[in-house]
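Chemist: Once you've had a glance at the structure underneath, I'll fire off some questions.
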Amino acid sequence: MQLEKYTIDQHNEGLSASHKRKLSALTSDIANAEAILERLVAFQVAIPSWALGTGGTRFARFAGGGEPRSLEEKIEDIALLHKLNRSSGAISLHIPWDIPKNGAAIKVLAAQHGIRFDAMNSNTFQDQPGQPLSYKFGSMQHVDKAVRRQAVEHNIEVIEHGMALGSESLTVWLSDGSCFPGQLNFRKAFENTLESLQEVYSALPDAWKMFVEYKAFEPNFYSTTVGDWGQSLLYATKLGPKAYTLVDLGHHLPNANIEQIVALLLMEGKLGGFHFNDSKYGDDDLTVGSIKPYQLFLIFNELVEGMDARGMNHTTDLGWMIDASHNVKDPLEDLLQSVEAIMITYAQALLVDRAALQAAQQNNDVVRAQEALQNAFRTDVRPLVAEARLRAGGALDPLQIFRKENVREHLVKQRGLKTIATGL
Ligand code: PSV
Ligand code: MN
Ligand code: MN
């Protein structure tokens, strides 16, 4: 579906007066508004190829209409998001859910829409049709070297697909672990996994990074072989300078202090990137910022502080990816909400009065420290985020235009009512 530039311009004109009013009320109180705007315009979040269709639970999947039926259509959907918000200029692919049959052509198609390829994801947590050996009892941790070899070879293939697309990172998430005490020798499982990861690491091209994603539980419910940030950091440290930890917000035990994890990984130079989502109970993969927006703010606060302390580039030095997908919303509307939540939170973190916070910390002034954070968190920065979108050529209110232009209805007409997106 084509969304013409003049449609966006018209929409922006309609909202212009009220936007200007809100923006000037907000920026009159902010000293560094222009610097924040510049950073917001530059910031890009990768859309996961598996989030463009309705997700399911283990009980049911209620497919929506007009879902993308191919990788090409997924890229078209992301192009639409990017046209509206100008902050979704990247895609993260899952192999083999979204195998590019012709990598060069896919790369060109994506580039036409200003979309680049962020981390490639391998998949050794499912058996694929025709696969010789099963991952029922793990992949890289497996007691049988032949299974481990198969998992390593798959990862190397994923790297090759990524090279054709211009990606420069590989995310390895392993579901390996055990369901019952005694099932696994923890040390041997770790050593096997490390050896397998080392083999993949040695196949990484020079400019590439490897992200080791951890997860506390599920699908294994007694132990997970990359179960927390400590274990991920251990692997990443042993692997070498191209290996980093990837933080998925839904992968912790309840109430974990994720912002502290982020601060320490950054300090060690070992934070690789993010899978953004939100959760109330476990790995719920809900819309970013929908459940615990203050936690997200505290994470971004550490990110901004830690990246600035290390002189890192906010946009390019970490992998910013969404990993959310669920049952009841239009996936594209949901992704617009997730990206908006990330931009709002990033803007709030940029707004924190760092000097006031540092002074409060130095003087053990707990009340002022809390105020410094909450002043920023309680500021409605939406006009700033909208202004950044406007300056980048996007829409002041992406969701409004999505509904007004009947985007989903057009997609249903084009692709049909009963569509099943590839992937999950
Ligand atoms: C696992 O829960 C995970 O977070 C990993 O990132 C996977 O690649 C993704 O979800 C999709 O299942
Ligand atoms: Mn994830
Ligand atoms: Mn997950």
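Chemist: Compute the distance from the alpha-carbon center of region 84-113 to that of region 1-73, in whole Å.
Modeler: Region 84-113 and region 1-73 have Cα centres separated by 18 Å.
Chemist: What order do you get for Leu40, Leu234, Leu318 when you list them from fewest to most C-beta neighbours inside 10 Å?
Modeler: Leu234, Leu318, Leu40
Chemist: Another question, if that's okay. Please build a GNM for the chain, connecting alpha carbons under 10 Å apart, and tell me which residue among Gly103, Gly272, Gly394 fluctuates the most.
Modeler: With Cα springs under 10 Å in the chain, the top fluctuation among Gly103, Gly272, Gly394 is at Gly103.
Chemist: Sort Asp29, Asp206, Asp353, Asp323 so that the residue with the fewest other Cβ atoms within 10 Å of its own Cβ comes first and the one with the most comes last.
Modeler: Numbers: Asp29 9, Asp206 6, Asp353 16, Asp323 27.
Going from sparsest to densest Cβ surroundings: Asp206, Asp29, Asp353, Asp323.
Chemist: In the chain, if the dipole is taken from +1 on Lys/Arg beta carbons and -1 on Asp/Glu beta carbons about the Cα centre, which of Leu271, Met321, Ile95 is farthest to the positive end?
Modeler: Checking the options against the dipole of the chain, the answer is Ile95.
Chemist: Please state the charge dipole magnitude for the chain, taken about the Cα centre, from unit charges on C-beta atoms (+1 on K and R, -1 on D and E), reported in debye and rounded to the nearest 20. Mind showing how you got there, number by number?
Modeler: Numbers: 41 positive and 51 negative charges, 99 e Å.
Magnitude of the dipole: close to 480 debye.
Chemist: Here is a follow-up. Could you compute how fast region 1-83 diffuses translationally, taking Rh as the Kirkwood radius over C-alpha pairs and applying Stokes-Einstein at 20 °C with viscosity 1.002 mPa s? Give it in µm² per second. Write down the numbers at each step before the final one.
Modeler: Working: Rh = 16.5 Å.
In µm²/s, the coefficient is 130.
Chemist: For Ser290, what is the net charge nearby, where nearby means another residue's Cβ is under 13 Å from its Cβ and Lys, Arg count +1, Asp, Glu -1? Can you show the working numbers first?
Modeler: On the way: positive: Lys280, Lys292, Lys329; negative: Asp278, Asp284, Asp285, Glu333, Asp334, Glu340.
Counting the neighbours of Ser290, the net charge comes to -3.
Chemist: Springs between alpha-carbon pairs under 10 angstrom, Gaussian network model over the chain: which of Gln295, Gln198, Gln126 fluctuates most?
Modeler: Highest fluctuation among the options: Gln126.
Chemist: Give the span of region 290-424's Cα atoms along each principal axis, as three whole-Å numbers ordered largest to smallest.
Modeler: 63, 30, 27
Chemist: Can you give the charge dipole size of region 319-424 about its Cα centre, rounded to the nearest 20 debye, using +1 on the beta carbon of Lys and Arg and -1 on the beta carbon of Asp and Glu?
Modeler: Rounded to the nearest 20 debye, it is 380 debye.
Chemist: Another one. Under 18 Å from the Cα of Lys22, which aspartates and glutamates turn up, not counting those fewer than eight places away in the same chain?
Modeler: By straight Cα distance, Lys22 reaches Glu13, Glu34, Glu340, Asp380, Glu387, Asp397.
Chemist: Quick check on the exposure proxy: order Leu264, Leu246 from fewest to most C-beta atoms within 10 angstrom.
Modeler: Values: Leu264 15, Leu246 29.
If I rank by nearby Cβ atoms, fewest first, I get Leu264, Leu246.
Chemist: Of all the Cα-Cα pairs you can form in the chain, what percent are over 28 Å apart?
Modeler: On the way: 44254 of 89676 pairs.
So the pairs more than 28 Å apart make up 49 percent of the total in the chain.
Chemist: Let me ask another. If I model a spin label at Thr316 and Lys413 as a point 7 Å from the Cα along the Cα→Cβ vector, what separation in nanometres do I get?
Modeler: Inter-label distance under the simple model: 4.2 nm.
Chemist: Just list whichever of Lys215/Lys280; Lys5/Lys418; Lys145/Lys188; Lys20/Lys83; Lys238/Lys270; Lys209/Lys238 have alpha carbons separated by over 18 Å in the model shown.
Modeler: On the way: Lys215/Lys280 16 Å; Lys5/Lys418 30 Å; Lys145/Lys188 12 Å; Lys20/Lys83 21 Å; Lys238/Lys270 12 Å; Lys209/Lys238 14 Å.
Lys5/Lys418; Lys20/Lys83, as the Cα separations exceed 18 Å there.
Chemist: Right, next: Restricting to the chain, what percent of DSSP beta bridges are antiparallel, rounded to 5? Write out the running numbers ahead of the final one.
Modeler: Values: 3 of 29 bridges.
So the antiparallel bridges amount to about 10 percent of the total.
Chemist: May I ask what percent, to the nearest 5, of DSSP beta bridges between residues of region 90-249 are antiparallel? Walk me through the numbers on the way to the answer.
Modeler: Numbers: 2 of 16 bridges.
Once the DSSP bridges in region 90-249 are tallied, antiparallel ones form about 10 percent.
Bear in mind that the values in this text are calculations on the coordinates, not laboratory data. Every value quoted in this text rests on a predicted model; they were computed, and no experiment measured them. So basically every Cβ, Gly included, is an ideal-geometry build from the backbone, and we count neighbours across all protein chains shown.
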